[in-house]
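Engineer: Sharing a structure below in structure tokens format, with a few things to ask.
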Amino acid sequence: MIQIETAWLLLLPVLFGLGWLASRWDFRLESRMDEQERMRQQRSTFKGLSLLLNEQPDQAIETLVKIAQLDPETIELHFSLGNLFRRRGETERAIRVHQHLANRTDLKSRDRDHAAYELGRDFLRAGLLDRAEASLNRVGEGKYAIPAKESLLEMYQVERDWKKAIVAATELAALQKKSHQIEIAQFHCEIAQEALRRNDLLEAEQSIERALQAVPNQARALILQGDYLLAMDRPAQAIEAWNLIAQNHPAYMHLVADRWMAAFTSLDRAKEGLNQLADLLPTQGSGELLDIVHKHTMSLLGANAAEQMLVEVMQHSPSLSALAKLAETRLILAKTDGPATRVTDLQATLGLLKLRTTSLARYTCGNCGFRARRFYWQCPGCNHWEAYSPRRSEGVVISGPSM
């Protein structure tokens, strides 16, 4: 009996050792399987990336989807998949991926903010603006707060919801520690312009004051202030407001010159108003202001005075547009008392000049180079505010789209 007990005692360490070896073997086998799985996922990931680089997005998506199904915890891969779906135009699939992440409670707040931001961009791409706004407003104060506010600001401008745009720009300025006063002033001006259009003079006045608080003596706000005063039948005060433009922003006077003349005419001071506009021509004689001054000079003083004015402009500010106006004026005079040959010559010259000035005269955005026949406060090409030069260019301009 004693010998049996001793044998069992000797056998116990052996059994223990065998158990330990079995556990180690099982652990190594499990580790090897995990390593093989990890290597398989890595190979699949590299395969997906290779397919992307080789411009085979459909096959790349299939490969990456399989990886995501094998390991639901691959958060970054889900984000990559969602963005890839959005770039491919498959917004419904992108929304499903990002919505799944945004609704997961086990994610870190940073990842949930990321998901909410990406989901908002998906909804924007799909044109679901209400849902995009709700999703972007879910983004917290972390890394994605600024891009979310930027997306909201862009969306509100597309919707022309200027009041929400003002709030978004103010919040964005606080986050970026960067001024957005120019945009805020423009948003108030948009509200004022719409109010003037529907004859809501109280809202127009309040919005103009807020625009001037954001950017004192801003050109557009002063123009609208004059329009408001003219609508209130106060032409003398409208002229005072527009005088600030003549003093501080003379390049913008062509935007208000016709209404300036209407205000002076209502006060029986039309020639005085015309003289003040003509005084700006030495520095502003190459743009639309010259066209307006020429038109009113012809109306008030006649063709001879218009010709003399244009000759002076050609001396200090020669341009194709001024030369075309001079040829037009001389053609009118020649038709009255000139020989037929002179009329024919002037008609041919004027035709060539008009063809040339029509094709070249453009307003050009200083940010993206977008060219247009009319002046815009917000560039239609890049959506930047006050990027357009108020002066038309007649020479070679930087390359860019036009309209």
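Just so it is clear, none of the values below were taken in a lab; they were calculated from the coordinates. Since the structure is predicted, the reported quantities are computational estimates derived from the model, not experimental observations. All Cβ positions, glycine included, derive from the backbone under ideal geometry; neighbour counts span all protein chains shown.
Engineer: In whole Hz, what ³J(HN,Hα) sequence does region 266-279 give by Karplus (6.51, -1.76, 1.60; θ = phi - 60°), x for Gly and Pro?
Structural biologist: Per-residue couplings from phi come out as 5, 9, 6, 10, 4, 5, 5, x, 5, 4, 5, 5, 5, 5 Hz.
Engineer: Separate question: Taking the Cα atoms of region 158-283 alone, what are Rg (to one decimal) and Dmax (as a whole number) in Å?
Structural biologist: Computed over the Cα atoms of region 158-283, radius of gyration and Dmax are 16.0, 53 Å.
Engineer: Can you give the net charge of the other residues whose Cβ lies under 15 Å from the Cβ of V343, counting K and R as +1 and D and E as -1?
Structural biologist: Values: positive: R330, K335, R342; negative: E328, D337, D345.
With Lys, Arg at +1 and Asp, Glu at -1, the neighbours total 0.
Engineer: Hey, another quick one. If you take the C-alpha gyration tensor of region 280-361, multiply each eigenvalue by 5 and take the square root, what semi-axes do you get, largest first, in whole Å?
Structural biologist: Details: eigenvalues 82, 52, 19 Å².
Over the Cα atoms of region 280-361, the ellipsoid semi-axes are 20, 16, 10 Å.
Engineer: Within region 305-390, list the trypsin sites (Lys or Arg not before Pro) lying in a DSSP loop whose Cβ has at most 14 other Cβ atoms in a 10 Å radius. Each step should come with its number before you reach the end.
Structural biologist: Details: sites: K325, R330, K335, R342, K354, R356, R362, R371, R373, R374; in loops: R373, R374.
Sites meeting the loop and neighbour criteria: R373, R374.
Engineer: Dipole size in debye (nearest 20) for region 220-374 around its Cα centre, Lys and Arg Cβ +1, Asp and Glu Cβ -1? List each step's numbers first, then the result.
Structural biologist: Numbers: 16 positive and 14 negative charges, 123 e Å.
In debye, rounded to 20, region 220-374 gives about 580.
Engineer: Taking just the alpha-carbon atoms of region 72-175, what radius of gyration and Dmax come out, in angstrom?
Structural biologist: 13.5, 42
Engineer: Let's test the formula: R0 of 30 Å, r as the Cβ-Cβ distance of T105 and V158. What FRET efficiency results, to the nearest 0.05? Display every interim value, and only then the final one.
Structural biologist: Values: r = 33 Å, r/R0 = 1.10.
That pair, T105 with V158, gives E of 0.35.
Engineer: What list of ³J(HN,Hα) couplings, whole Hz, do you get for region 338-352 from phi and the Karplus terms 6.51, -1.76, 1.60, once you set θ to phi - 60° and write x for glycine and proline?
Structural biologist: Rounded to whole hertz, the list is x, x, 5, 5, 5, 4, 5, 4, 5, 5, 5, 5, 5, x, 5.
Engineer: Also, I was wondering about something else. Structure shown: which of K163/K271; K163/K295; K164/K295; K108/K149 lie over 30 Å apart, alpha-carbon to alpha-carbon?
Structural biologist: On the way: K163/K271 42 Å; K163/K295 39 Å; K164/K295 42 Å; K108/K149 21 Å.
In this structure, K163/K271; K163/K295; K164/K295 lie more than 30 Å apart at Cα.
Engineer: Which FRET efficiency value, to the nearest 0.05, is calculated for T283 and R234 with the Förster distance at 22 angstrom and r the Cβ-Cβ distance? Display every interim value, and only then the final one.
Structural biologist: Numbers: r = 29 Å, r/R0 = 1.32.
Once rounded, the FRET efficiency stands at 0.15.
Engineer: I would also like to ask the following. Cα-based Rg of region 149-205 per 2.2 N^0.38 Å, rounded to two decimals? Mind showing how you got there, number by number?
Structural biologist: Working: Rg = 12.0 Å, N = 57, 2.2 N^0.38 = 10.2 Å.
Dividing the Cα Rg of region 149-205 by 2.2 N^0.38 Å gives 1.18.
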